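The values are calculated or read from the model by the stated rules, or taken from the named source; none is laboratory data. None of the values given here were measured: they were computed from a predicted structure. FYI the Cβ positions are ideal-geometry reconstructions off the backbone, even for glycines, and counts take in every protein chain you see. Accessible surface is based on the protein model in full, side chains and every heavy atom, while ligands, DNA and RNA are left aside. Shrake-Rupley method; radii C 1.70, N 1.55, O 1.52, S 1.80 Å.
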Amino acid sequence: MNERTKQQLWRLLLLGLSVLVLVYFVYQFYQAAHEPVRTEVARQSTVKDTVDTDLFVVRDESFLETSSTGILIPLVPSGSRVAAGEGVVAIFENEDAASRYAELNRVEVNLARYDRLNQQRGNSAVNLTALGKRISQDVIDLAELVDNRDLTDMQEQVYDVRDQILARQIATGETVALDNKVTELTSRQKALSNKSAGYDTLESKNSGFFIDSVDGYELATKYDKVSKLTPEEIEKLLKSDPADVSDKVIGKVSTNFDWYLLCSLDTDKAKSLKKGDTVTIDLPYSAVRSVTATVSSKSKADKKDRVAVVFKCNRMNAYIASLRKEEGQIILHTYTGLKIPTDAIRTAAGGKEGVYVLEGNIARFKQLRTVYTEDDYIISSETPQEGETGEFVSLYDAVILGGKDLYDGKILD
């Protein structure tokens with residue numbers, strides 16, 4: 001290769017490198033000047049303004065005691081209402097007698113269920129769509145009980161699922177051998193009845209809610225003094241150990257249908273709570289999940305800037321009956337609207353706050369109705385306000401994130 005050819009190749013190489021460098025800088029300039037348009041769909045979201053707190057439950061409880069020895073079986077479910085003089089616990093001499101009684105009870109419950117199903121034969125006025133929905137809901141409810149390891153109502157829920165499925169089979173004309181099942185259960189009922197022994201009954205002295213367990217906190221504070229408790233006294237209750245309970249005590253009755261949840265809060269967290277307000281209290285670590293309660297009282301702030309807040313509730317069931325020391329969240333407000341990232345929010349001429357949304361390849365400015373703010377997002381209400389003008393962000397709008405030099409009507413590449 002002669003010298004002239006080498007020089008030509010060298011020039012071509014330098015020219016190629018120059019073109020690559022130029023292309024690189026042009027690309028970088030384009031990237032800086034034309035930021036890619038990123039969007040996020042506006043979707044509905046619900047957020048809760050909550051206060052985390054520890055709660056102590058107070059009920060007007062009186063012990064149920066017996067000096068009898070034997071096997072105890074509740075006659076009524078825990079958390080159910082009882083009248084004064086009503087039998088609440090059966091006391092059997094031995095385990096065999098108690099076992100026969102429990103089995104007889106199960107047989108009679110199933111016999112009554114199968115009798116009801118038998119009566120549906122020939123009934124053509126059954127809404128199969130509604131029945132199918134009930135079956136689906138019963139299965140979901142059963143799955144939730146299993147997921148929560150809640151065995152209290154599981155047997156009842158299994159019966160409900162089974163009965164609804166059998167009812168659907170009967171309604172669609174399928175052959176269901178209910179007569180054989182009824183005959184079998186009737187025979188078993190007769191055999192158990194002949195062998196059943198008598199039992200003593202423990203009666204409730206008072207009307208109220210029957211609770212089949214005790215926890216040692218029944219006498220921790222006086223029921224009629226809860227509104228006078230200080231924040232410090234409530235905090236001591238939450239840290240206290242249970243008292244010993246006599247072996248003669250086999251349960252209790254909550255003799256007043258109202259019961260209370262006590263907590264100690266910082267003044268600023270409790271400032272929006274006023275006597276008479278109705279709030280929802282989430283109890284995420286219990287089977288109850290949540291209760292609705294009324295603010296019964298709120299103390300003045302102490303030296304540590306704490307207030308005692310007492311909530312009143314009258315709902316009761318087996319799960320609520322077991323509450324005592326709970327971790328909870330007081331829901332002060334619930335906000336539902338469109339969730340909008342804060343980095344999408346712009347201020348247009350005239351000081352109106354809103355976002356740019358992508359309609360085709362055109363940027364359109366739409367206003368916000370901000371009802372809740374967090375560091376990285378806001379909630380914009382979908383409910384129009386009286387007298388408002390202009391366009392507002394709507395469900396499923398493509399909200400533009402970032403972007404430079406945006407304005408209403410701008411055509412985007």
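Taking 25 °C and 0.890 mPa s as conditions, the range 221-293 diffuses translationally at an estimated 161 µm²/s according to Stokes-Einstein applied to its Kirkwood radius (Cα pairs). Here the Karplus relation 6.51 cos²θ - 1.76 cosθ + 1.60, evaluated at θ = phi - 60°, turns the backbone of the range 42-50 into coupling constants of 6, 10, 6, 8, 10, 10, 10, 8, 10 Hz, with x for every Gly and Pro.
Calculation over all alpha carbon pairs of the range 298-413 in 5 angstrom steps from 0 returns a P(r) of 2, 9, 15, 15, 12, 8, 7, 8, 8, 7, 5, 4, 1 percent. Across the options 350, 409, 297, the greatest Cα extent toward the positive end of the charge dipole of the range 257-413 (unit charges at beta carbon of Lys, Arg, Asp, Glu) belongs to 297. Does the range 231-355 classify as rounded, prolate or oblate by the C-alpha gyration tensor (a ≥ b ≥ c root eigenvalues; a/c under 1.5 gives rounded; else a/b over b/c gives prolate, otherwise oblate)? It comes out prolate by the Cα gyration axes. Among the lysines of the range 157-267, pairs that are 8 or more positions apart or on different chains and have alpha carbons within less than 22 Å of each other number 13.
Per-residue extension of 0.36 nm, minus the Cα-Cα distance of residue 325 and residue 75, leaves a gain of 87.3 nm for this segment.
Taking amide H positions as modeled 1.01 Å from N, with prolines and chain starts lacking one, the residues under 5 Å from residue 60 and 5 or more places away or on another chain are 255, 256. The distance separating the Cα centre of the range 307-335 from that of the range 234-297 comes to 5 Å. With all protein chains in place and ligands, DNA and RNA left out, the 1.4 Å accessible area ranks 51, 371 as 371, 51, largest first.
Scaling against 2.2 N^0.38 Å puts the C-alpha radius of gyration of the range 340-380 at 1.17.
Can you send over the carbon and sulfur percentage of the accessible area for the range 183-273, probe radius 1.4 Å, protein chains only? Of all accessible area on the range 183-273, carbon and sulfur atoms account for 45 percent. The HN-Hα couplings worked out from phi for the range 396-409 by the Karplus form 6.51 cos²θ - 1.76 cosθ + 1.60 (θ = phi - 60°) are 6, 4, 8, 7, 7, 9, x, x, 10, 6, 7, 8, 5, x Hz, whole numbers, x standing for Gly and Pro.
Give me the 1.4 Å probe accessible area per residue for the range 242-340, excluding ligands and nucleic acids, in Å².
Details: 4900 Å² over 99 residues.
Computed with neighbouring chains in place, this is 49 Å² per residue.
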